[in-house]
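Undergrad: So that we are looking at the same thing, I have put the structure below in structure tokens.
The values are calculated or read from the model by the stated rules, or taken from the named source; none is laboratory data. Just so we're clear, the structure is a prediction, and the values are computed from it rather than from any experiment. Glycine gets a Cβ as well: all are built from the backbone with ideal geometry, and neighbour counts include every protein chain shown. We work out accessible area using only protein heavy atoms, side chains counted, and drop any ligands, DNA or RNA first. Shrake-Rupley method; radii C 1.70, N 1.55, O 1.52, S 1.80 Å.
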There are 2 protein chains.
Amino acid sequence: MDASDLVFATADEHRAWLEQQARLPRGFSVGTASFAFTPVEVPLPARMTLSLIVCDRPTSDFAAVFTRNAFPGAPVRIGRERLHEPDLAAVVVNNKISNVCANDGIAAAERICATTAHLLGFTARQVLPASTGVIGWRLPVADMEAALPEAVATLQDRSALPAANGIMTTDLYPKVRGVDLPGGGRVVGIAKGAGMIEPNLATMLVYILTDCAIGREQLREQLRAAVAESFNAISIDSDQSTSDSVVAIASGRCPCPDQAAFAAALGRVCRQLAGDVVRNGEGVHHVIRCTVTGAPDTACARGTAKAVINSPLVKTAIAGNDPNVGRLIMAVGKHLGDHHGELEPTRCSIRLGPETVFADGTFRFDSGTDARLQAYLGAAQLYQSASPGTDGVFRPPISHPPHERCVEIAVDLDAGPARFTALGGDLTHEYISENADYRS
Amino acid sequence: MDASDLVFATADEHRAWLEQQARLPRGFSVGTASFAFTPVEVPLPARMTLSLIVCDRPTSDFAAVFTRNAFPGAPVRIGRERLHEPDLAAVVVNNKISNVCANDGIAAAERICATTAHLLGFTARQVLPASTGVIGWRLPVADMEAALPEAVATLQDRSALPAANGIMTTDLYPKVRGVDLPGGGRVVGIAKGAGMIEPNLATMLVYILTDCAIGREQLREQLRAAVAESFNAISIDSDQSTSDSVVAIASGRCPCPDQAAFAAALGRVCRQLAGDVVRNGEGVHHVIRCTVTGAPDTACARGTAKAVINSPLVKTAIAGNDPNVGRLIMAVGKHLGDHHGELEPTRCSIRLGPETVFADGTFRFDSGTDARLQAYLGAAQLYQSASPGTDGVFRPPISHPPHERCVEIAVDLDAGPARFTALGGDLTHEYISENADYRS
């Protein structure tokens, strides 16, 4: 993930920056519509937003990567089929209900596609559906169809921001990243996702739009590569959603002689959005970036890095600004002991921020180190918990990311050439409140 | 894990029951000593308890199973060597500091063994050390040596309870289980451990004492088998300690003609203690028992059951008494999608308590189901959170387990003969407070 010195003093500053990032590439427009409805399963008032991403004309150049969960949502099952279609013209996304394992879920999603296509003058198979939210509930198809004309009426070709807002569920703020290519052309991505995030994607929807003329096969290959080192390298809570999708669409309106420059821009947008998803992860106070080097192979490097960022005890220690090196050792040792008994653990060294805290089989640690690392962890904190309300619920007191600093953990196994960087978040009262104190 | 209707209305009732359980088999005595000291690494006042378990005479019949963590504590490394010794006569355990990866950790532990042996008239190699607590700090060897005579002076042969109390760290209450064999003889086990608990053991120390005449090799074989289906089937937070040890010692004072009866008693004590460890897990409001049947092999059954009990989103939903079937599906699907792509997920059915909530690829769920399952989850709750103190820290409002009810989750994969039952806990504000709000 790219380092960054971005600092946003206020929500207004962040919003102004988002608007810059969100400028749409040529050939795309975006519209949304929100409405109230009552779910069949839990008959309490709810609200849904429909977001449309529309191409000026159908394009053959689109790519998508989906969750590996064995119970994929209906839109994911349809999306896998759409990959075989000759072209794509629009994406229709709803939040609030994820349409996973619901009765007649496929028929419901196809119905929404058909209505969308009819309004836009395309065919249903040129429309890709997506849903995110509660698992198991059924889509309010009639309410959605009634709202679609409004979404079409709001289509505009300037900003992706309305869609970045529209696809949010428990996200605190929209996530948008844009990159201009040196030779012309632009790549813009939007993402939602805050919990149930782990590799192979997670309640995460990502849409990447470009006007660069990039062929279907190249786009698919480059998307796979970009996802491997971005969205598949993050974890909020090790859980993997049934709906995750990363979709890229190229309108072809701008020549793209330099494929490597496009790949770099795509990779950058994916890495930045992946960082944004973790930074806005449910209850995340600290983003944790663990880089494992010196591994015998990539699987070992990835597994070790994941063991660190997924360890509840490491995550809670960092949440408390506690440089608890013992828990780092425990997490690394748990993975190595289970999977790499042949490695010599005393060759391992570990750095936390600027300090080497473990080497030659023993801790490098005194009360001075402790104070310095507490300060380092404090400086990387995105926010401190506010007092819970009278209902005992902890609510994040921020509506924008104040900075992009990470807690850096570097593990050198000194046993080979492979490396991997994984990005995760800490574990806090806000995560518990979000997921236990009320139904999400 | 054995079902149980045990209910304890008051802490006094629980204590009286513990005292019954704790009656020592013949041939053992137990003593403890507590003292104040100041750790070198973080110079704040601390308290340590030393616990001694002493055999009347050295016995060749002892067994031990240790953590698989690649960074085992010094006592674990010494313990592995002690398994090759001809006999064992005593165990010396300290809490507060785990003596893992500390400078001169082996020498410190051996010094404590030597002093203990000297006081008791044994050799150092007849003494097994153990330490639990903060990782990385050094043992206060001089303070411990000064306290050992008091521990020896308090030795008594009636109750294991002082040691069950003495080895606790963040445990809320001591854990003791005793079983009398039909033909005479007794098996008593004590356990500590509340966090960093996952299979292959975890900041967990278990000592099982018996007066049954059971040979060294049989004892070792039976202990391995008992651990596989008890301590290796539990997880509080998927983290694995660097210090976990399960030790069994037989004094041989009582003939044991029925080896099967002994194995059954040993298995029962292990399963009950494993249940106790989860029930007293850090912040646990609900014990979750997930049984996977119909798996093609045991690894698949174990992996699926573990995916369910380790899923933060399942754990937080259950903490909130929320029968969130979507998250169950997600957790099962995450494991199957990653490891068993060949299985047909629509054959899977899932029960939560008394209700089938998923079958034939769709949810079986309405608002009536929801209300019934909320009541079921509420009845299995051990306690509700008390309001946090003015310091914002959540403290468990109980000092004994009110009952032994579990939340039962049954997953039938309908794809083979294998099964596995895993036991875990939910994830609550008290876990966060224990691990993030202050240093433990």
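Undergrad: In this structure, does A:Gly361 turn out to be at positive phi and under 28 Å from the mean Cα position of the chain (by Cα)?
TA: no
Undergrad: Output yes when any residue across the stretch A:52-60 is open to solvent by less than 20 Å² (accessible area, probe 1.4 Å) and modelled with pLDDT under 95, and no when none is.
TA: Checking the stretch A:52-60: not a single residue is open to solvent by less than 20 Å² (accessible area, probe 1.4 Å) and modelled with pLDDT under 95.
Undergrad: Would the stretch A:125-133 turn up any residue that is open to solvent by 20 Å² or more (accessible area, probe 1.4 Å), among the β-branched types (Val, Ile, Thr) and under 23 Å from B:Lys334 (Cβ atoms)?
TA: no
Undergrad: Which one of these does A:Met1 not meet: (1) touching a Gly at 6+ places or on another chain (Cβ under 8 Å); (2) at pLDDT 95 or above; (3) closer than 22 Å to A:Val246 by Cα?
TA: So A:Met1 meets the others, but not (2).
Undergrad: Output the residues belonging to the stretch B:53-67 that are assigned to a strand (DSSP E or B) and over 23 Å from A:Met330 (Cα atoms). Working first, answer last.
TA: First, pick out the residues of the stretch B:53-67 that are assigned to a strand (DSSP E or B): B:53-59, B:62-66.
B:Ile53, B:Val54, B:Cys55, B:Asp56, B:Arg57, B:Pro58, B:Thr59, B:Phe62, B:Ala63, listed by residue number.
Undergrad: Now for a separate question. Which of (1) surrounded by fewer than 24 Cβ atoms within 10 Å (Cβ to Cβ); (2) of a type in the set (Gly, Ala, Ser); (3) touching a Gly at 6+ places or on another chain (Cβ under 7 Å) does A:Gly281 not meet, given it meets every other one?
TA: (1)
Undergrad: Additional query: Any residue at all in the stretch B:107-126 that is farther than 20 Å from B:Ser29 by Cβ and part of a loop (DSSP other than H, G, I, E, B)?
TA: no
Undergrad: Filter the stretch B:364-385 for residues that are in a loop (DSSP other than H, G, I, E, B) and open to solvent by 40 Å² or more (accessible area, probe 1.4 Å) and give the result.
TA: B:Arg364, B:Phe365, B:Asp366, B:Gln384, B:Ser385
Undergrad: If the requirement is being under 17 Å from the mean Cα position of the chain (by Cα) and at positive phi, which of these qualifies: B:Gly267, B:Gly275, B:Gly283?
TA: Answer to the selection: B:Gly283.
Undergrad: Filter the stretch B:93-114 for residues that are modelled with pLDDT of 95 or more and either within 16 Å of B:Ile167 (Cα to Cα) or open to solvent by less than 30 Å² (accessible area, probe 1.4 Å) (or both) and give the result. First the steps, then the outcome.
TA: If we filter the stretch B:93-114 for residues that are modelled with pLDDT of 95 or more, which is where we start, we get B:93-94, B:106-114.
Across the stretch B:93-114, the qualifying residues are B:Val93, B:Asn94, B:Ala108, B:Ala109, B:Ile112, B:Cys113.
Undergrad: State whether one or more residues within the stretch B:369-377 are of a type in the set (Gly, Ala, Ser) and within 14 Å of chain A (Cβ to nearest Cβ).
TA: yes
Undergrad: Name the one entry in B:Ala108, B:Ala70, B:Ala142, B:Ala74 that is within 14 Å of another protein chain (Cβ to nearest Cβ), free of Cβ contacts under 8 Å to residues at least 12 places away in the same chain and either over 17 Å from B:Leu50 (Cα atoms) or not charged (D, E, K, R) (or both).
TA: B:Ala70
Undergrad: Name the residue that is farthest from the other protein chains (Cβ to nearest Cβ), counting only residues in the stretch B:77-95 that are aliphatic (A, V, I, L, M) and not in a helix (DSSP H, G or I).
TA: Of everything passing the filter in the stretch B:77-95, B:Ala89 is farthest from the other protein chains (Cβ to nearest Cβ).
Undergrad: From (1) away from every other protein chain (no Cβ under 14 Å); (2) in a loop (DSSP other than H, G, I, E, B); (3) among the polar types (S, T, N, Q), pick out the condition that doesn't hold for B:Asn103.
TA: Among (1) away from every other protein chain (no Cβ under 14 Å); (2) in a loop (DSSP other than H, G, I, E, B); (3) among the polar types (S, T, N, Q), B:Asn103 violates only (1).
Undergrad: Please verify whether the stretch B:395-408 includes one or more residues that are within 14 Å of chain A (Cβ to nearest Cβ), under 30 Å from B:Gly333 (Cα atoms) and free of Cβ contacts under 8 Å to residues at least 60 places away in the same chain.
TA: no
Undergrad: Kindly provide the set of residues from the stretch A:295-311 that are of a type in the set (A, V, I, L, M, F, W, C) and within 13 Å of A:Leu413 (Cβ to Cβ), ordered by number.
TA: Selection gives A:Ala295, A:Ala299, A:Cys300, A:Ala301, A:Ala305, A:Ala307, A:Val308.
Undergrad: Scan the stretch A:166-184 for residues that are at pLDDT 95 or above and open to solvent by 40 Å² or more (accessible area, probe 1.4 Å) and jot them down.
TA: Answer for the stretch A:166-184, where residues must be at pLDDT 95 or above and open to solvent by 40 Å² or more (accessible area, probe 1.4 Å): just A:Asp180.
Undergrad: Got a number for residues in the stretch A:250-278 being in a helix (DSSP H, G or I) and open to solvent by less than 20 Å² (accessible area, probe 1.4 Å)?
TA: 12
Undergrad: In the stretch A:140-165, what residues are open to solvent by less than 10 Å² (accessible area, probe 1.4 Å) and touching a helix residue (DSSP H, G or I) at 6+ places or on another chain (Cβ under 9 Å)?
TA: A:Met144, A:Leu148, A:Ala151, A:Ala160, A:Ala164
Undergrad: Residues in the stretch A:252-272: is at least one out of contact with any helix residue (DSSP H, G or I) (no Cβ under 6 Å at 6 or more places or on another chain), of a type outside the set (A, V, I, L, M, F, W, C), within 14 Å of chain B (Cβ to nearest Cβ) and within 26 Å of A:Thr169 (Cβ to Cβ)? Give the derivation first.
TA: Of all residues in the stretch A:252-272, those out of contact with any helix residue (DSSP H, G or I) (no Cβ under 6 Å at 6 or more places or on another chain) come to A:252-255, A:257-262, A:264-265, A:268-269, A:271-272.
Pick out the ones that are also of a type outside the set (A, V, I, L, M, F, W, C) and you get A:252-253, A:255, A:257-259, A:268, A:271-272.
In the following step, the residues that additionally are within 14 Å of chain B (Cβ to nearest Cβ) were identified as none.
No, the conditions are met nowhere in the stretch A:252-272.
Undergrad: A further question on this structure: Output the residues belonging to the stretch A:1-52 that are assigned to a loop (DSSP other than H, G, I, E, B), more than 20 Å from the chain's Cα centre (by Cα) and among the small types (Gly, Ala, Ser).
TA: Answer for the stretch A:1-52, where residues must be assigned to a loop (DSSP other than H, G, I, E, B), more than 20 Å from the chain's Cα centre (by Cα) and among the small types (Gly, Ala, Ser): A:Ala9, A:Gly27.
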